Amino acid sequence: MRDVCIVGGGVAGLAASIFTARAGLDTLVVDGGESILARNASLENYPGFPDGIDARRYLHLTREQAKNAGATFELGKVTSVESVDSGSPSASGEAAELGVEADLEDGFVLETDGGDPLEARRVIAASWSDSDYLVPLDVGRLQRGNKHFVSVDEGGRTAVDGVYAAGRIADEPHQAIIAAGHGAKVGFAVIHDADVGFYHDWVVPEGYFTGRGREVPPGCEEIDDEERRRRDERARETMVEALSEPLEERPTMHPSVERDRE
């Protein structure tokens, strides 16, 4: 059973996965395909890129960062999420029907379109504003027009313990920087609720804590100047390589425009 299963490989899901994976939680991202951000022709308002950046290149880099953090990925579409209560009399029967082990801890089983069921202790919904797969759970869905959002608290927690929502599906504004920030915030909520040893995801200079007679807190790391320079060099090499050639991928046009062209 995974510690965390994230539904959606867009900005919010990737940001959440970076933090949960770095905290040591076994994190799986189920990527249903292309992120909505791939429709963006040029990402112009994301801090750190003075002249903007190609949105698809940004997605590639963020996905690589999530993998470097320890997150794993599976391509597929989640069709339903159901809770599995190991203490209930029907749990073994439900598990048998779903083709998973009967001695699961309390958690969730995610059915996928054409794939094997997935097991997770916690689920982060970070897909676009289609929450149909959450219907089996009473998470508190909100309909606005043809879209269904999910009601959450300030940490992205839904009405169902262990189920969270991040980004657009949580009714956050349709902006990449906000989706990334909200995904990170939800990732922190999951880390807190999982009760893992964690103080801060923070890399500091050697002696920052130990020089004051303190142990390095969980989630933090002290590095000396040589290691800092090594990491800086690696980071620069990664970015130089990533930006050395134009990206040939074109933005994805809105589906309605594609239909109009046929």
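The values are calculated or read from the model by the stated rules, or taken from the named source; none is laboratory data. The structure displayed is predicted, hence computed values, not measured ones. All Cβ positions, glycine included, derive from the backbone under ideal geometry; neighbour counts span all protein chains shown.
Residue-wise test of (1) at pLDDT 95 or above; (2) buried (at least 16 other Cβ atoms within 10 Å of the Cβ).
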| position | (1), (2) |
| --- | --- |
| Arg56 | no, yes |
| Thr62 | yes, yes |
| Asp85 | no, no |
| Ala96 | no, no |
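Checking each residue in the stretch 133-157 for being aliphatic (A, V, I, L, M) and within 18 Å of Thr79 (Cβ to Cβ) picks out Leu134, Val135, Leu137, Val139, Val150. Just so you know, in the stretch 1-54 the residues that are in a helix (DSSP H, G or I) and modelled with pLDDT under 95 include one that is farthest from Val186 (Cα to Cα), and it is Arg39. Inspect all residues belonging to the stretch 194-208 and state whether any of them is surrounded by 14 or more Cβ atoms within 10 Å (Cβ to Cβ), within 15 Å of Arg122 (Cβ to Cβ) and either within 16 Å of the chain's Cα centre (by Cα) or free of Cβ contacts under 8 Å to residues at least 40 places away in the same chain (or both). So far as the stretch 194-208 goes, yes, one or more of its residues are surrounded by 14 or more Cβ atoms within 10 Å (Cβ to Cβ), within 15 Å of Arg122 (Cβ to Cβ) and either within 16 Å of the chain's Cα centre (by Cα) or free of Cβ contacts under 8 Å to residues at least 40 places away in the same chain (or both). Once the stretch 17-54 is narrowed to residues that are surrounded by fewer than 22 Cβ atoms within 10 Å (Cβ to Cβ) and hydroxyl-bearing (Ser, Thr, Tyr), the residue that is nearest to Thr252 (Cα to Cα) is Ser42.
Taken together, the residues in the stretch 14-31 that are over 18 Å from Lys77 (Cβ atoms) and under 9 Å from the mean Cα position of the chain (by Cα) amount to 6. Please find, within the stretch 204-262, the residue that is farthest from Ala55 (Cα to Cα) out of those that are of a type in the set (Gly, Ala, Ser) and in a helix (DSSP H, G or I). Result: Gly211. Which of the residues that make up the stretch 209-233 are over 21 Å from Ala23 (Cβ atoms) and either of a type in the set (Val, Ile, Thr) or in contact (Cβ under 8 Å) with a residue 60 or more places away in the chain (or both)? Result: Thr210, single match.
Condition first: under 15 Å from Cys5 (Cα atoms) and among the small types (Gly, Ala, Ser). Now tell me which residues in the stretch 147-171 satisfy that. Those that are under 15 Å from Cys5 (Cα atoms) and among the small types (Gly, Ala, Ser): Gly156, Gly162, Ala165, Ala166. If you go through the stretch 36-55 and keep only what is under 28 Å from Asp26 (Cβ atoms) and more than 15 Å from the chain's Cα centre (by Cα), you end up with just Ala38. The listed residues are Leu142, Leu137, and the only one of them that is in the same structural domain as Ile18 (by TED's automatic domain parsing), among the hydrophobic types (A, V, I, L, M, F, W, C) and within 21 Å of Val4 (Cβ to Cβ) turns out to be Leu137.
Looking across the stretch 138-159, just one residue is crowded, with 19+ Cβ neighbours inside 10 Å and more than 18 Å from the chain's Cα centre (by Cα), and that is Val139. Residues of the stretch 9-19 include none that is farther than 20 Å from Asn68 by Cα, touching a His at 6+ places or on another chain (Cβ under 8 Å) and not aromatic (Phe, Trp, Tyr).
The set of residues from the stretch 69-79 being at pLDDT 95 or above and part of a strand (DSSP E or B) comprises Thr72, Phe73. Residues that are closer than 16 Å to Gly13 by Cα and assigned to a strand (DSSP E or B) within the stretch 111-139 comprise Ala120, Arg122, Val123, Ile124, Ala125, listed in sequence order.
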